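First the structure, in the form of structure tokens, and then the observations on it.
The values are calculated or read from the model by the stated rules, or taken from the named source; none is laboratory data. Nothing here was measured: the structure is a model prediction, and the numbers come from that model. Positions of Cβ are backbone-derived with ideal geometry, glycine not excepted, and every protein chain shown enters the neighbour counts.
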Ligand code: PGA
């Protein structure tokens with residue numbers, strides 16, 4: 001059975017005080033038992049966040065990690081560093097990493113392999129740009145992103161892979177994919193996994209949707225057959241909104 005998940009990506013927002021305030025609001029709330037909840041604060045506050053949430057079911061995950069295990073990479077953070085403070089998952093390939101930091105599918109495959117070989121699970125993001133969709137190339141782009149990255153990873157590592165479909169045109173824009181558009185791509189991605197790895201794995205892989213998920217549209221998106229939850233940006237910075245989105249997934 002695949003899991004229902006809601007993960008909040010806080011990106012480069014919130015200083016230490018703000019991070020603790022948001023964490024305490026989440027920690028002191030009743031969270032639906034059937035939804036896995038994750039938050040991804042700045043790397044600078046990961047350890048503090050883990051300690052802060054020690055008696056909570058909320059998991060702290062990293063927003064990124066470097067593709068080499070160690071060495072002269074000033075300013076970067078390694079898989080081993082994350083593991084050593086108790087982090088067990090990282091977001092990989094967010095479109096902001098792809099576009100602002102030129103992370104290619106090749107780099108993302110290297111990163112994903114390094115994570116999984118060292119016991120760090122991944123939330124792997126993929127999704128087309130607006131120009132791709134306008135040209136009707138969204139299926140092609142998604143297939144290419146998946147086949148050059150996660151589909152190269154051996155089947156026995158897939159229990160630690162979560163996918164997140166994030167159409168670039170819907171991220172931080174207020175424009176959301178319609179529930180049908182999300183379902184169409186999620187089903188397509190699941191079918192790609194099915195063709196490569198078979199029914200069991202395809203049905204057990206959680207595929208999240210990300211891109212302007214808000215309390216008002218979360219239920220409709222999460223109710224789609226192949227949508228297992230969300231990777232939430234802006235709305236995850238407001239405790240009430242994030243909690244409402246978690247609740248929507250619980251009821252879907
Ligand atoms: P958004 O971000 O919810 O602010 O659109 C989503 C994401 O970047 O994962």
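Here are a few things to note about the model shown:
- Condition met for residue 247 (at pLDDT 95 or above, buried (at least 19 other Cβ atoms within 10 Å of the Cβ) and more than 20 Å from residue 130 (Cα to Cα)): yes
Okay, residues lined up against (1) under 22 Å from residue 10 (Cα atoms); (2) buried (at least 21 other Cβ atoms within 10 Å of the Cβ):
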{"residue": "72", "(1), (2)": "no, no"}
{"residue": "91", "(1), (2)": "yes, yes"}
{"residue": "103", "(1), (2)": "yes, no"}
{"residue": "131", "(1), (2)": "no, no"}
{"residue": "134", "(1), (2)": "no, no"}
{"residue": "139", "(1), (2)": "no, no"}
{"residue": "143", "(1), (2)": "no, no"}
{"residue": "157", "(1), (2)": "no, no"}
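- Residue that is farther than 21 Å from residue 208 by Cα and in contact with a strand residue (DSSP E or B) (Cβ under 8 Å, 6 or more places away or on another chain), where the choices are 82, 26, 44, 120: 82
- Test for residue 206: is it crowded, with 16+ Cβ neighbours inside 10 Å, in contact (Cβ under 8 Å) with a residue 40 or more places away in the chain and near the ligand (Cβ under 10 Å from one of its atoms): no
- All positions within segment 151-182 that are under 26 Å from residue 6 (Cβ atoms), in a helix (DSSP H, G or I) and in contact with a helix residue (DSSP H, G or I) (Cβ under 6 Å, 6 or more places away or on another chain): 151, 157, 158, 160, 168, 169, 179, 182
- Taken over segment 209-244, the criterion of being more than 10 Å from the ligand (Cβ to nearest atom) and in a loop (DSSP other than H, G, I, E, B) is satisfied by 223, 224, 225, 226, 227, 228, 238.
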